[in-house]
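The values are calculated or read from the model by the stated rules, or taken from the named source; none is laboratory data. Since the structure is predicted, the reported quantities are computational estimates derived from the model, not experimental observations. So basically every Cβ, Gly included, is an ideal-geometry build from the backbone, and we count neighbours across all protein chains shown. Note: accessible area is taken over every heavy atom of the protein model, side chains too, but ligands, DNA and RNA are not part of it. Shrake-Rupley method; radii C 1.70, N 1.55, O 1.52, S 1.80 Å.
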Amino acid sequence: CSKCHLSGRWKNDLGSTMSIGSVDSKGGFEGSYLTAVSSTNNTITESPLAGAQQLDDEPTVGFTVKWTFSKSMTVFTGQCFEDDNGNDVLETMWLLRSHAGERTDNWKATSVGRNIFTREL
Ligand code: B9F
(Lines give C-alpha, C1' and ligand atoms only; values in the text may rest on other atoms or scores of the structure.)
Protein backbone atom coordinates (compact mmCIF):
# COMPACT_ATOMS: atom_id res chain seq x y z
CA CYS A 1 0.00 0.00 0.00
CA SER A 2 1.71 3.22 -1.16
CA LYS A 3 2.35 6.27 1.01
CA CYS A 4 -0.40 8.84 0.34
CA HIS A 5 -3.02 7.27 -1.88
CA LEU A 6 -5.62 9.75 -3.21
CA SER A 7 -8.77 7.74 -2.43
CA GLY A 8 -11.02 9.23 0.24
CA ARG A 9 -12.42 12.55 1.40
CA TRP A 10 -10.34 15.75 1.39
CA LYS A 11 -10.88 19.37 2.51
CA ASN A 12 -8.84 22.39 1.42
CA ASP A 13 -7.88 25.73 2.99
CA LEU A 14 -10.98 27.39 1.46
CA GLY A 15 -13.32 24.80 3.01
CA SER A 16 -13.99 23.04 -0.31
CA THR A 17 -14.42 19.28 -0.09
CA MET A 18 -13.82 16.48 -2.55
CA SER A 19 -14.39 12.76 -2.54
CA ILE A 20 -12.17 10.49 -4.63
CA GLY A 21 -13.09 6.90 -5.42
CA SER A 22 -10.76 3.96 -5.91
CA VAL A 23 -7.53 4.49 -7.80
CA ASP A 24 -7.32 1.98 -10.66
CA SER A 25 -4.30 -0.09 -11.69
CA LYS A 26 -3.12 2.66 -14.07
CA GLY A 27 -3.41 5.41 -11.43
CA GLY A 28 -6.69 6.83 -12.77
CA PHE A 29 -9.53 7.99 -10.52
CA GLU A 30 -12.89 9.77 -10.50
CA GLY A 31 -14.70 11.70 -7.84
CA SER A 32 -16.80 14.74 -6.96
CA TYR A 33 -15.93 18.26 -5.80
CA LEU A 34 -17.97 20.73 -3.74
CA THR A 35 -16.42 24.20 -3.81
CA ALA A 36 -16.97 26.47 -0.80
CA VAL A 37 -16.50 29.59 -2.93
CA SER A 38 -17.62 30.60 -6.42
CA SER A 39 -18.15 34.39 -6.83
CA THR A 40 -21.30 33.68 -8.84
CA ASN A 41 -25.01 33.92 -8.00
CA ASN A 42 -25.55 30.43 -9.37
CA THR A 43 -26.27 27.83 -6.70
CA ILE A 44 -23.15 25.74 -6.10
CA THR A 45 -23.64 22.05 -6.88
CA GLU A 46 -21.37 19.02 -6.65
CA SER A 47 -19.21 18.75 -9.74
CA PRO A 48 -17.45 15.71 -11.24
CA LEU A 49 -13.68 15.34 -11.30
CA ALA A 50 -11.33 12.91 -13.04
CA GLY A 51 -7.58 12.57 -12.89
CA ALA A 52 -4.58 10.40 -12.25
CA GLN A 53 -1.75 9.90 -9.79
CA GLN A 54 1.61 8.28 -10.24
CA LEU A 55 1.74 4.93 -8.50
CA ASP A 56 4.62 5.98 -6.24
CA ASP A 57 5.06 6.93 -2.62
CA GLU A 58 4.27 10.64 -2.23
CA PRO A 59 2.91 10.70 -5.80
CA THR A 60 2.48 13.60 -8.18
CA VAL A 61 -1.17 14.15 -9.11
CA GLY A 62 -3.38 15.86 -11.65
CA PHE A 63 -7.15 16.19 -11.94
CA THR A 64 -9.80 18.24 -13.72
CA VAL A 65 -13.09 19.55 -12.29
CA LYS A 66 -15.93 20.23 -14.74
CA TRP A 67 -18.17 22.71 -12.90
CA THR A 68 -21.85 21.81 -13.17
CA PHE A 69 -23.09 25.34 -12.31
CA SER A 70 -20.95 27.40 -14.71
CA LYS A 71 -19.12 27.14 -18.03
CA SER A 72 -15.74 27.07 -16.26
CA MET A 73 -13.21 24.29 -15.73
CA THR A 74 -10.43 23.97 -13.15
CA VAL A 75 -7.32 21.79 -13.41
CA PHE A 76 -5.30 20.98 -10.31
CA THR A 77 -1.78 19.56 -10.18
CA GLY A 78 0.41 18.84 -7.22
CA GLN A 79 1.90 16.22 -4.96
CA CYS A 80 0.70 14.25 -1.98
CA PHE A 81 3.07 14.23 1.02
CA GLU A 82 3.12 12.65 4.42
CA ASP A 83 3.80 15.38 6.99
CA ASP A 84 5.87 15.08 10.20
CA ASN A 85 2.82 13.78 12.10
CA GLY A 86 2.13 11.10 9.50
CA ASN A 87 -0.87 12.97 8.04
CA ASP A 88 -1.44 13.05 4.29
CA VAL A 89 -1.33 16.54 2.77
CA LEU A 90 -1.99 17.33 -0.88
CA GLU A 91 -0.14 20.45 -2.08
CA THR A 92 -1.65 21.78 -5.31
CA MET A 93 -1.75 24.63 -7.73
CA TRP A 94 -4.74 25.26 -10.01
CA LEU A 95 -5.74 26.98 -13.24
CA LEU A 96 -9.36 28.17 -13.41
CA ARG A 97 -10.58 28.68 -16.94
CA SER A 98 -13.62 30.94 -17.37
CA HIS A 99 -15.72 31.03 -20.51
CA ALA A 100 -14.68 33.90 -22.78
CA GLY A 101 -17.55 35.33 -24.77
CA GLU A 102 -15.23 36.12 -27.64
CA ARG A 103 -11.65 35.43 -28.64
CA THR A 104 -10.52 38.95 -27.86
CA ASP A 105 -11.36 38.18 -24.20
CA ASN A 106 -9.18 35.04 -24.15
CA TRP A 107 -6.26 36.82 -22.47
CA LYS A 108 -8.21 37.39 -19.23
CA ALA A 109 -9.97 34.03 -18.99
CA THR A 110 -7.47 32.02 -16.90
CA SER A 111 -6.62 32.51 -13.23
CA VAL A 112 -4.05 30.69 -11.10
CA GLY A 113 -3.84 29.84 -7.42
CA ARG A 114 -2.81 27.40 -4.73
CA ASN A 115 -4.72 25.04 -2.46
CA ILE A 116 -3.65 22.67 0.32
CA PHE A 117 -5.87 19.65 1.00
CA THR A 118 -5.90 17.52 4.14
CA ARG A 119 -7.89 14.37 4.84
CA GLU A 120 -11.42 14.63 6.18
CA LEU A 121 -12.24 11.65 8.38
O1 B9F B 1 -16.08 30.47 -9.39
C2 B9F B 1 -16.09 29.77 -10.56
C3 B9F B 1 -17.09 30.37 -11.40
C4 B9F B 1 -17.05 30.24 -12.79
C5 B9F B 1 -17.93 31.25 -13.38
C6 B9F B 1 -18.54 31.97 -12.29
C7 B9F B 1 -18.00 31.41 -11.06
C8 B9F B 1 -16.36 28.23 -10.39
C9 B9F B 1 -15.87 27.69 -9.09
C10 B9F B 1 -14.39 27.73 -8.99
C11 B9F B 1 -13.90 27.35 -7.62
C12 B9F B 1 -12.40 27.62 -7.49
C13 B9F B 1 -11.88 27.67 -6.06
N14 B9F B 1 -12.45 26.65 -5.20
C15 B9F B 1 -11.50 25.86 -4.70
O16 B9F B 1 -11.69 24.91 -3.91
S17 B9F B 1 -11.40 26.37 -8.27
C18 B9F B 1 -9.95 26.95 -7.47
C19 B9F B 1 -10.37 27.35 -6.06
N20 B9F B 1 -10.30 26.21 -5.15
C21 B9F B 1 -15.64 33.75 -11.09
C22 B9F B 1 -16.08 34.26 -12.33
C23 B9F B 1 -15.41 33.59 -13.32
C24 B9F B 1 -14.53 32.69 -12.73
C25 B9F B 1 -14.64 32.81 -11.35
FE26 B9F B 1 -16.51 32.15 -12.21
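Figures for the structure shown
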| item | result |
| --- | --- |
| Net charge over other residues, Cβ less than 14 angstrom from the Cβ of E120 (K, R count +1; D, E count -1) | +1 |
| Average accessible area per residue (Å²) across region 1-91 - probe 1.4 Å, nucleic acids and ligands excluded | 55 |
| Pairwise Lys count, region 1-116 - Cα closer than 25 Å, eight or more residues apart or different chains | 8 |
| Cα→Cβ-extended label distance, 7 Å offset, between T43 and D57, nm | 4.7 |
| Percentage relative contact order, region 3-121, counting C-alpha pairs under 8 Å, at least six apart | 22 |
| Accessible surface of the chain [probe 1.4 Å, protein heavy atoms]: carbon and sulfur percent | 51 |
